[in-house]
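We did not get these values from a lab; they are worked out from the coordinates using the rules stated. Remember, predicted model here, so these are calculated numbers, not experimental data. A quick note on method: Cβ atoms are made from the backbone with ideal geometry, for glycine too, and the neighbour counts reach across all protein chains shown.
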Amino acid sequence: MLKISSPEKLRELSLEAKEEGLTVGLVPTMGYLHEGHLSLVRRARERNDFVIVSIFVNPTQFGPGEDLDKYPRDLARDEALLDAAGVDLLFIPTPEDVYPEGFQSVVHLEHITKPLCGAHRPGHFDGVCTVVLKLFNMSAADDAYFGMKDYQQLKVIERMVKDLNVGVRIEGMPIIREPDGLAMSSRNKYLSDPERQRALALSKSLDKAEELVGGGLIEPAELISEVRSVLEAANLEIDYVELLGAENLDRIESLKGNLLLAIAAYVGTTRLIDNRVLVAR
Ligand code: PAF
């Protein structure tokens, strides 16, 4: 596995691969890899001839007081995992490589960034979209892979690609969970053992919601209130519990069609997110 930090070199190597007729797949990450990331890498390995993984803890998507400085890092372990997964090229730029002096551009999307994490983490999606578009341009990727745990991020990126005629095919991959249901996340590392137990309330509340909708519950407010009670019973501090249209994240009036039930909650000081797409008839 080749390891580089220069954006110019990345583009050069990727274009060389494409000239040889290879397809290029990109998996953008912030490192501290888990099975969720590795499922994206495996998918890229399956579909693409030349697989690039980027590791970059992007400072512009963290707000003041968020966990940029303490975001978990273990490059040696990440490298070993990626090498074993058959990755061709690991791109690890520095903040200066990505944002050289004088940098002043921002990619901003309107409506789809307004609810959920967009409302609770101002500027977050500007940072995500800007870095992701840069990674697309630097890597000249044909395909890029994102996890559905960050469901809003996936939808925002799909929208950006459509709106700006970006020639990258986006593929979303299912959430990978621990055997007990906890959605895999690099931030799970912050949890103490008792907190990890309490964090199970996120996936349990989604299970309950799915059961209720399957059983014919049709009131959005009632469903949200049931989900909130499961989270509150575990002493989690709720950031949001919202039910939106799964395609465009627009407001809904009734429980009908494909709906996104999305949660963000604090377990102690750790903010976790989880979601489920519910199919209501
Ligand atoms: O999902 C992430 O890890 C990040 O938001 C991404 C897509 C790598 C952009 O920094």
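Details
- With helices as the sole contributors, the chain gives -12000 deg cm²/dmol at 222 nm; each DSSP H run of n ≥ 4 counts as -39500 (n - 2.57), and the sum is divided by every residue.
- Principal-axis tilt of helix 124-139 within the chain, Cα atoms, nearest 10 degrees: 30 degrees
- For the range 266-277, putting each phi into the Karplus relation 6.51 cos²θ - 1.76 cosθ + 1.60 with θ = phi - 60° gives couplings of 8, 10, x, 9, 8, 8, 10, 10, 7, 7, 8, 8 Hz, in residue order, rounded to whole numbers and with x for Gly and Pro.
- Placed amide H near Met184: partners under 5 Å, 5+ positions off or other chain: Ile176, Arg177, Glu178
- Length added when fully stretched, Asp180-Phe103, from 0.36 nm per residue minus Cα-Cα: 23.3 nm
- Rounded tilt (10° steps) of 35-47 against the dominant C-alpha axis of the chain: 50 degrees
- Rounded if a/c under 1.5, otherwise prolate or oblate - the range 154-220, Cα gyration tensor axes: oblate
- The ranking of Asp180, Asp193, Asp67 by Cβ neighbour count inside 10 Å, starting from the fewest, reads Asp193, Asp180, Asp67.
- Summing Cβ point charges (Lys, Arg +1; Asp, Glu -1) relative to the Cα centre of the chain gives a dipole of roughly 300 debye.
- Cβ-defined net charge surrounding Val24, 13 Å radius [Lys, Arg +1; Asp, Glu -1]: -3
- Pairs spanning more than 24 Å between alpha-carbon atoms, out of Lys134/Lys155; Lys208/Lys256; Lys162/Lys189; Lys149/Lys204; Lys114/Lys208: Lys162/Lys189; Lys114/Lys208.
- Anisotropy class of the range 136-281 from Cα gyration tensor, a/c 1.5 cut: oblate
- With Cα atoms, 0 to 90° folded angle of helix 151-163 axis to the chain main axis: 50 degrees
- Overall form of the range 91-160 per C-alpha gyration tensor (a/c, 1.5; a/b vs b/c): oblate
- Of all segments of the chain bounded by GluC sites (Glu not before Pro) found in a DSSP loop with no more than 10 other C-beta atoms within 10 Å, the longest spans 111-252.
- Order of Leu22, Leu33 - criterion: other Cβ atoms within 10 Å of each residue's Cβ, fewest first: Leu22, Leu33
- Taking every DSSP bridge with both residues inside the chain, close to 50 percent are antiparallel.
- The shape of the chain can be summarised by an equivalent ellipsoid whose semi-axes, obtained from the alpha carbon gyration tensor, come to 33, 20, 18 Å from longest to shortest.
- Under a 5 Å amide H cut-off, with hydrogens placed 1.01 Å from N, Ser54 pairs with Val27, Thr29, Phe91 among residues at least 5 apart or on other chains.
- For Tyr266, Tyr190, order by how many other beta-carbon atoms lie within 10 Å, fewest first: Tyr266, Tyr190
- Diffusion of the range 7-67 by Stokes-Einstein, at 20 °C in a medium of 1.002 mPa s and with Rh set to the Kirkwood radius over alpha-carbon pairs, works out to 163 µm²/s.
- Summing charges over all other residues whose Cβ lies under 14 Å from the Cβ of Tyr99, with Lys and Arg as +1 and Asp and Glu as -1, gives -3.
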